[in-house]
Amino acid sequence: MVIWLTGLSGAGKTTLATELEKKIIALGHHVILLDGDIIRNGLNSNLGFTEQDRIENIRRAAEVAKLFNDKGFSVICSFITPLNRMRALAKAIIGVQNFTEVFVDCSIETCEKRDVKGLYKKVRLNQIDNFTGISAGFEKPIHHDLVIDTEKNSVEYSTGLLLDFYVENLKKNK
């Protein structure tokens with residue numbers, strides 16, 4: 001299974017992905033975590049933040065996720081993936097039966113207050129262009145399989161929901 005976490009910067013995607021990875025490993029399953037920041041610093045370091053570059057970023061990440069998934073790994077993908085057509089592209093590459101879309105929902109106001117990476121501050125100082133949710137659009141998912149509200153729920157509770165969802169879906173796919 002590929003669990004694709006989508007949401008704004010600061011919504012908690014990476015935090016949840018990291019915690020879920022630990023719990024899946026504890027179950028004895030093989031799992032790979034693909035995080036947008038890490039992929040952008042390596043494999044996709046030649047891409048910017050234009051819409052075409054964002055699409056290519058997601059295409060490459062989905063291809064990598066598919067490769068691991070085809071070899072029997074569960075894959076957790078943590079990418080903003082701002083547009084519905086980008087998420088549809090990832091789903092088409094990975095395969096409908098293996099793709100699970102999770103919307104990590106959190107208001108832009110709360111994400112900006114968290115600002116773990118200092119990105120929102122840089123946007124407000126006009127140091128970053130094309131920033132999702134402010135100067136570039138984010139479409140709320142329309143075909144999600146699960147919504148995790150990190151504004152209202154703790155990391156522990158949210159991770160528990162994800163793990164329950166993972167285990168339940170593994171049983172369905174066997």
* Before anything else, pin down the relative contact order of the chain: Cα pairs under 8 Å, at least 6 apart, normalised by residue count, whole percent. => 34
* Asked: Under a 5 Å amide H to amide H cut-off, with H placed in plane at 1.01 Å, what residues pair with Leu33 once short-range neighbours are removed?
  -> Ile76
* **Tensor-based shape of region 83-162 (alpha-carbon gyration tensor, a/c under 1.5 rounded, otherwise prolate or oblate)** => oblate
* Asked: Within the set Lys71/Lys171; Lys66/Lys121; Lys23/Lys71, which residue pairs have Cα atoms separated by over 28 Å?
  -> Lys66/Lys121
* Asked: If you plug each phi of region 58-73 into the Karplus form 6.51 cos²θ - 1.76 cosθ + 1.60 with θ = phi - 60°, what whole-Hz ³J(HN,Hα) values come out, in order, with x for Gly and Pro?
  -> 5, 4, 5, 4, 5, 5, 5, 4, 4, 4, 5, 4, 5, 8, x, 8
* Quick one: of Lys13/Lys140; Lys122/Lys152; Lys113/Lys152, which pairs are farther than 18 Å apart, Cα to Cα? => Lys122/Lys152
* Asked: What shape does region 33-157 have by the C-alpha gyration tensor, where a ≥ b ≥ c are the square roots of the eigenvalues, rounded means a/c under 1.5, and otherwise prolate means a/b greater than b/c and oblate the rest?
  -> oblate
* **Counted charge near Arg60, where neighbours are those whose Cβ lies closer than 13 Å (Asp, Glu -1; Lys, Arg +1)** => +1
* Among Ile58, Ile134, Thr6, which residue has its Cα positioned farthest towards the positive end of the charge dipole of the chain, with +1 placed on the Cβ of Lys and Arg, -1 on the Cβ of Asp and Glu, and the dipole taken about the Cα centre? -> Ile58
* **Pairwise label distance in nanometres, Asp37 with His143, each label 7 Å out on the Cα-Cβ vector** => 3.0
* Asked: Once you list every other residue whose beta carbon is under 12 Å from the beta carbon of Asn46, what net charge do they have if Lys and Arg are +1 and Asp and Glu are -1?
  -> 0
* To do: Would you give the gap between the C-alpha center of region 1-66 and the C-alpha center of region 110-157, rounded to a whole Å?
  => 15
* To do: Work out, step by step, the length gained on full extension between Ser154 and Asn130: first 0.36 nm times the residue separation, then minus their alpha carbon distance; give nm to one decimal.
  => 5.7 nm
* To do: Kindly provide the helix-only [θ] at 222 nm of the chain, computed as the sum of -39,500 (n - 2.57) over DSSP H runs of four or more divided by all residues, to the nearest 500 deg cm²/dmol?
  => -14500 deg cm²/dmol
* **Amide H contacts of Ile148 (H built 1.01 Å from N, under 5 Å, at least 5 apart or other chain)** => Phe103, Val104, Asp105
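Every number in this text was worked out from the coordinates using simple rules, so none of it is lab data. All of these numbers come straight from a predicted model, not from anything done at the bench. FYI the Cβ positions are ideal-geometry reconstructions off the backbone, even for glycines, and counts take in every protein chain you see.
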